[in-house]
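Enquirer: The structure's right below; bear with me while I get my questions together.
The values are calculated or read from the model by the stated rules, or taken from the named source; none is laboratory data. These numbers were taken from a predicted model, which means no experiment stands behind them. Cβ coordinates were reconstructed from backbone atoms using ideal geometry, including for glycine residues, and neighbour counts include every protein chain displayed. Protein only, heavy atoms only, side chains kept; ligands, DNA and RNA dropped before computing areas. Shrake-Rupley method; radii C 1.70, N 1.55, O 1.52, S 1.80 Å.
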Amino acid sequence: MSVPPAASPVLRPRRTRFIELLRTTPARTVCPNFYLLAHANGCAFRPHCDYCYLKGSLWHVPVDSAFDNVTRMLADVRRWIARDDLETYVLNAGNLSDSLSFERVRPAVRALVEEFRAAAAAGRRHTLLLVTKGGVAECRPLLGVAPCPNVIVSFSVNCAEIAKAHERGAAPVADRMDAARRLKAAGWRVRIRLDPMFAGGEYGPLVAEIRDLAPERVTLGTLRAESHLLRVVNHGLFGALERPAEPDGLARYPLGARLGLYRAAIASLGGACTVGLCEETRDVWEAAGLNPDVPACNCAE
């Protein structure tokens, strides 16, 4: 079954809660649980990335939506910040949607930043994680205000040829990296997700750029797909992946291919920043020379 072209996103109020705890799956992966901020369903970038996992997890949603009852969302965020009994203190706004792609039609990020600025002033550890494939235009709401220590901006990047082929609706990688440099220079906390890496991609030049940027954290991941995504997307992109042995597992490249990509990137980064892996198991972390007991990956505090 092929996926039809994405329709234009709509604005609508969210009827259910904005924040919930997401327990990562498969359970064997070294991934932290986090709280999800459901400010939108889907992504405003057109076309969607060829490999996007939302095609599998949001297959039942007829159209991408941004939720416009922002006042209620902010009230939910304030209640979350007031809690001291949380399993984790990261609120991820980039799991069901790109965090910044809807800003043009439904501004919300500046108001969110101010909630977390107040949290920082009160000595709260609660942190907002923004995850984006946006560039300078999408980041203007952040570039126009003072940085906040309780807000992290994480850019998902790829090598230029892979992005041009499979991330056509997102900002060009050079634009994303430019935005990352500008935000870091302005004092924002910046992370990088080099994910998903493709076998055969030329990542050396991009990794050198990331090393020069020296973000607070880099997370590496390779192309993967859960079972339902394999069923709904049939463009052949996942043909080189090994099918999962477990019902809730992920189709992945063979282990040797993944480790080759990870080890080359880690060696090129040369200790310039903390490195973690995305949705990998303990044995893979250890084989890549990383410590799974201190999972310094994108969604961790």
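Enquirer: For Ser268, indicate whether it is over 22 Å from Arg28 (Cα atoms) and either open to solvent by less than 10 Å² (accessible area, probe 1.4 Å) or of a type in the set (Ser, Thr, Tyr) (or both).
Expert: yes
Enquirer: Of the conditions (1) more than 25 Å from Pro32 (Cα to Cα); (2) in a helix (DSSP H, G or I), Arg117 fails just one. Which one is it?
Expert: Among (1) more than 25 Å from Pro32 (Cα to Cα); (2) in a helix (DSSP H, G or I), the lone unmet condition for Arg117 is (1).
Enquirer: What helices (runs of 4 or more DSSP H) lie completely within the stretch 144-263 and have 3 or more residues being of a type in the set (A, V, I, L, M) and open to solvent by 40 Å² or more (accessible area, probe 1.4 Å)?
Expert: 173-186
Enquirer: Pro141 versus (1) open to solvent by less than 60 Å² (accessible area, probe 1.4 Å); (2) in a loop (DSSP other than H, G, I, E, B); (3) out of contact with any strand residue (DSSP E or B) (no Cβ under 9 Å at 6 or more places or on another chain): which is the lone unmet condition?
Expert: Here Pro141 clears every test but (2).
Enquirer: Quick one: in the stretch 277-286, which of the residues that are open to solvent by less than 30 Å² (accessible area, probe 1.4 Å) and in contact (Cβ under 8 Å) with a residue 60 or more places away in the chain is farthest from Arg217 (Cα to Cα)?
Expert: Among those residues, the one meeting the criterion is Thr281.
Enquirer: Tell me, yes or no, whether the stretch 218-233 has at least one residue that is among the acidic types (Asp, Glu) and out of contact with any Gly (no Cβ under 8 Å at 6 or more places or on another chain).
Expert: no
Enquirer: Looking at the stretch 115-139, which of its residues are closer than 21 Å to Lys184 by Cβ and out of contact with any helix residue (DSSP H, G or I) (no Cβ under 9 Å at 6 or more places or on another chain)?
Expert: Within the stretch 115-139, the first condition is being closer than 21 Å to Lys184 by Cβ, and the residues that meet it are 116-117, 120, 127-139.
Scanning the stretch 115-139 gives Arg117, Ala120, Leu129, Val131.
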